[in-house]
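Contents: one structure, followed by commentary.
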Amino acid sequence: PVRAFHPALQHCAERFGIPVMRADSHPMRGCDANVADIMAAISHSRGRNADTSFSEGQQGTPPFDKFLAVGYSKGVPDLLATYVQHEDFRARCRGIISWAGAIGGSYLANDAYENIPVQDIDSILLQVNPLLGLNPMMPKVRTAETNITHAVHDLTTAAREEFNMHNYEMLDSMDIPVLCFSAACPASEVPYFQIQASLKLRGFDANNDMQLIEPQTVLQSATSVQVARLRGNHWDVAYPRFPKTLQLGSRRLDHPFPKTAAMAAHIMLAIELGILTDDSIDDEL
């Protein structure tokens with residue numbers, strides 16, 4: 001019902017004076033299919049602006065000579081698939097920030113994928129997120145491109161392990177930093193309809209965010225590092241407050257984690273490391 005880092009991303013784009021483009025990646029299809037959305041954003045400015053409004057894009061010279069890529073959740077496997085498949089992406093990307101990225105997949109996706117042959121699509125979606133069951137309230141966009149089987153498959157631990165192992169040499173020889181942030185919180189700090197998932201993951205690792213355990217958020221490569229563990233659940237660290245009509249009576253969907261401060265810290269860290277060096281960045285720092 002909301003988009004990650006909104007309005008935090010817009011505020012930081014205005015504060016630091018940097019151009020920002022959101023890839024309009026489809027939330028319910030596989031990683032390889034979403035590569036096209038990412039390349040459209042970095043090559044033609046086709047996707048969404050920092051304020052989430054649509055950008056029709058433009059042909060000709062790419063809008064960004066160099067860029068810092070920030071991915072959240074499944075967006076990180078999407079980014080890594082793009083990195084592997086496109087030389088142009090590798091040549092222009094200065095670094096990747098993984099924000100609770102599903103690099104190693106999720107045990108919850110394993111369960112959902114195993115049940116696909118015996119359950120209808122709506123039931124699988126409800127396992128992923130009960131809010132998706134509120135059909136009259138949820139917008140239906142790009143439905144023809146939806147492939148829930150591929151989307152869930154690409155989040156299984158087996159699929160992510162296969163990808164990471166198959167592309168190990170390329171990923172291990174990356175000449176850009178991959179800065180990984182995980183999240184964790186006790187089951188008492190997740191929406192009531194996610195408590196079972198949080199407790200299940202606790203059987204693997206106490207440090208989980210109700211969707212991923214901490215080791216699954218770190219890329220095993222020479223230039224990758226876990227920067228920090230955030231206090232919050234998987235949605236809290238990225239999403240703004242859910243509308244009251246979509247909170248299902250939960251008090252854990254206000255999402256108080258300071259996302260604007262976190263995004264500003266991303267930018268300042270990237271400047272400190274020399275990843276962002278554009279002269280257009282304000283001297284406000």
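The values are calculated or read from the model by the stated rules, or taken from the named source; none is laboratory data. Please read these numbers as outputs of a predicted model, since none were measured by experiment. Positions of Cβ are generated from backbone atoms using ideal geometry, with glycine treated the same way; all protein chains shown enter the neighbour counts. In case anyone asks, the SASA skips ligands and DNA or RNA and just uses the protein heavy atoms, side chains included. Shrake-Rupley method; radii C 1.70, N 1.55, O 1.52, S 1.80 Å.
List of remarks:
- Interchain or long-range residues, amide H under 5 Å from Val70's placed H: Ile97
- The share of C-alpha pairs in region 154-285 whose separation exceeds 18 Å stands at 64 percent.
- Rg over Rh [alpha-carbon atoms, Kirkwood Rh] for region 223-266: 1.08
- Longest DSSP-loop-exposure-free segment, GluC sites (Glu not before Pro), the chain, at most 16 other Cβ within 10 Å: 57-283
- Rounded accessible area of Phe54 (nearest 10 Å², 1.4 Å probe): 130
- Residues Thr82, Thr260, Thr277 ordered from highest to lowest accessible area at a 1.4 Å probe: Thr277, Thr260, Thr82.
- Here the chain is assigned +1 on the Cβ of each Lys and Arg and -1 on the Cβ of each Asp and Glu. Its dipole about the Cα centre then comes out at about 860 debye.
- Shape category assigned to region 151-200 from the gyration tensor of Cα positions, a/c cut at 1.5: oblate
- Mean separation of Cα contacts under 8 Å, 6 or more apart, over the residue count of the chain: relative contact order %: 22
- Three-way shape call for region 1-77 based on the alpha-carbon gyration tensor, with the a/c threshold at 1.5: oblate
- Positive-pole candidate from Leu179, Pro62, Asn233, dipole of the chain, charges at beta carbon: Asn233
- Angle between the chain longest axis and helix 75-85 axis [Cα atoms, degrees, rounded to 10]: 50
- All C-alpha pair distances within the chain, sorted into 5 Å bins from zero, spread as 1, 5, 12, 17, 20, 19, 14, 8, 4, 1, 0, 0 percent across the bins.
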